Amino acid sequence: MTRPLASRRFLITRPENQSAHLAQLLREAGATPLLAPMIAIAPTEQQHELQAVLQRLGDFDLAVFVSPTALDVIGELVQPWPVELAVAVVGPASRERALALGMLEVISPDNQFDSEGLLQQPALQQLSGKRVVLFRGNGGRELLTDTLRARGATVEVVEAYRRLSPSLNHEQVLALLAEGCDGVIVTSSEAVNNLFGLADSVLAEQLRGLSFFASHAAIAETVRRHAVAQVHVLSAGDAGLLADLRAHFSASPAGQAVSGSTPVATPIPSPAPSAAVLRQPADTAAATPAPTHHSISRPQRAWLGFLRRTLVLVLLTVGISALVYQFQARALHGELQTRLAALEGQQSRLNNSGQREGEQLRQLEVALAASQQRVEALRAQQSELLALYGAVAGGHEETLLADAELTLSLASQQLQLTGNVGAALAALYRLDERLSGHDKPRLMPLRRAVARDIDVLKSMPWIDYVGLSARLDSLATQVDKLPLVVDGRARDAAARPETQRSGLLGEIGRALGALVEIRRIDQPNPVLLAPEQAFYLREHLKLRLLNARLALLQRDEVTFRQDLSVAQVVLREQFDTRSKPVKAMLTALAEAQTARPAQTLPSLVDSLNAARDARRKVSREDSK
């Protein structure tokens, strides 16, 4: 099996964090990768903004990664990735990396692996009301951002990393190329510019003599602007790039330069001698004495016969060529006549079409003048509508802030009185959803305060006070049905079959049983309770459970735990623990005792103050 890339040497200009996989594929194919990263990757200087966006990643509907480096940086910071958040990437390698990071819904182009190809995907056509976060490096094109915003999305651009100039110099690159190079692999226009930017005249001349393999037509065009002659466009992705390299070098003969081959000269046969050259003039022939039969030798006669045959063959060739030429000339003349007639007909049709288009143009000018008049009228109506909208929007915004203040007050009361974290969270989520439809700057402090309170409440342990209180009430109602210890032993004694023995052996057994009695001294005997005392015991247990319920609602953790402990002791000592209802109640009390009712719940003071400040600002602006 042939290995077309064996002993080949390729200069790789990718960043250091992206070149390992391609270098490994080249080594497996027998080639030698020369690593010369032309872009250095550094952490972003906007770490605070990046962390703030990652903390509220669940608020977005789509995350867009413009490069594999951005995907690697964010993938390391966010583990695990939110399941409901869709991801959009540009290339096949980025798609594989996204799936490996646990991103389930990945949008990527099928053939055109660039920003234009990504924007053609059906999932990115209707984005009205969607929130999109775009992770990229410093700089770069604004095509994705502008197009997504034009389609109705709210786009937040985040710098995930910084691209810096390479740390290599031209001497180090020359050292890599010293033992030869079969091609330069470039996957970024910026890397191409950095490579020629650091090159001196010697390195630049050597680079122009090499073959460049680009992963995109735009990158190939950047290479050609640096006066490189041999530029080849390969498929995107490491696997496609390697396959195209194999196909390219399979077509090149071994030992031949990749960038091109020297054309081989093809020998051109000399033309046959013409009849004019072979035919002698008549006067010369007449002047020559006719040779006698004895004066012409046999070799001479053979040579004259060969000349005659050659002359006849030449004459036949010339005649056939003349006939073919005449036939081709006639056919060409007929074709020219046909095309000339077709062109005259087309010219006539174009003249008629021009007259019709002139008439249509005059009609369009009339319609354009009428449209301009309508535009002026619509502009006047737009001015009036804008003034009316300004008056209505001010009152609507004040109503929104009043509603926000009332919602925050009710949520704060729910937290402080009932400890219902779920109800408070639901109220804050609804308020944040309403505020998200208004992008006015004066509402941003309120939105930030609400987002902080939501994060704090989400981190709080959620105790269902209402459900736990109802559970204690239910246990108190079940106390009357629980069996006591003495009731259980009485039932056991009644259920135990009595064996009556007659005769001497039965009498001896009963006598011995009266003499010996076995008891356990590590456990006290159950108290024999009268019916009215059993009633008070059950009421005492009910009061303990109800008292624990009141302590739960009052956030009195000490009393809550103490009452539950006393109730458990009473159950174990006075009630039949072998009974299923008693076991179920002991289990329920043990679960309830794990709750911590005395936890400190946060207040919503910051959000309330932000709502009141925004409302005062709106009132002052309306008064002006």
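The values are calculated or read from the model by the stated rules, or taken from the named source; none is laboratory data. These numbers were taken from a predicted model, which means no experiment stands behind them. Note: ideal-geometry Cβ built from the backbone for every residue, glycine included; neighbour counts use all protein chains shown. These area figures cover heavy atoms from the full protein model, side chains too; ligands, DNA and RNA do not enter into them. Shrake-Rupley method; radii C 1.70, N 1.55, O 1.52, S 1.80 Å.
Some points to look at:
- Reachable lysines, given that their alpha-carbon falls under 17 Å from the alpha-carbon of K617 and they are not under 8 places away in the same chain: K440
- DSSP-defined beta bridges in region 42-164 - what % are antiparallel, rounded to 5: 10 percent
- Since only G183, L203, V157 are under comparison, the one whose Cα sits farthest along the positive direction of the charge dipole of region 152-203, derived from C-beta charges on Lys, Arg, Asp and Glu, is V157.
- Pairwise FRET efficiency - V466 versus V569, Cβ, R0 = 30 Å, nearest 0.05: 0.65
- Exposure ranking of S215, S348 by accessible area [1.4 Å probe, largest first]: S348, S215
- Using a probe of 1.4 angstrom and keeping all protein chains present, the accessible surface of region 119-207 works out to 47 square angstrom per residue.
- The trypsin sites (Lys or Arg not before Pro) of region 175-253 meeting both criteria, a DSSP state outside H, G, I, E and B (loop) and at most 15 other C-beta atoms within 10 angstrom of the site's C-beta, are R225.
- Linear extension gain, T338 paired with L350, 0.36 nm per residue minus alpha-carbon span: 2.5 nm
- The trypsin sites (Lys or Arg not before Pro) found in region 566-609 that occupy coil by DSSP, while having at most 11 further C-beta atoms within 10 Å, are R578.
- Within the straight-line cut-off of under 14 Å between alpha carbons, the aspartates and glutamates reachable from K583 are E573, E591, sequence neighbours fewer than 8 places apart in one chain being disregarded.
- Length added when fully stretched, R56-L316, from 0.36 nm per residue minus Cα-Cα: 84.4 nm
- Within-14-Å neighbourhood charge of F560 [Cβ basis; K, R +1; D, E -1]: +2
- Inter-label distance for K458 and Q24, nm, one decimal - labels placed 7 Å from Cα along Cα-to-Cβ: 3.5 nm
- Separation of the V375 and E557 label points, Cα + 7 Å toward Cβ, nm: 7.1 nm
- Share of carbon and sulfur in the accessible heavy-atom surface of region 83-179 [1.4 Å probe, %]: 48 percent
- For region 339-389, accessible area per residue (1.4 Å probe, heavy atoms of protein chains only), Å²: 93 Å²
- Taking Cβ atoms as reference points and 12 Å as the exclusive limit, the residues near T594 contribute a net charge of 0, counting Lys and Arg as +1 and Asp and Glu as -1.
- Expected-Rg normalisation [2.2 N^0.38 Å, Cα atoms] applied to region 42-164: 0.97
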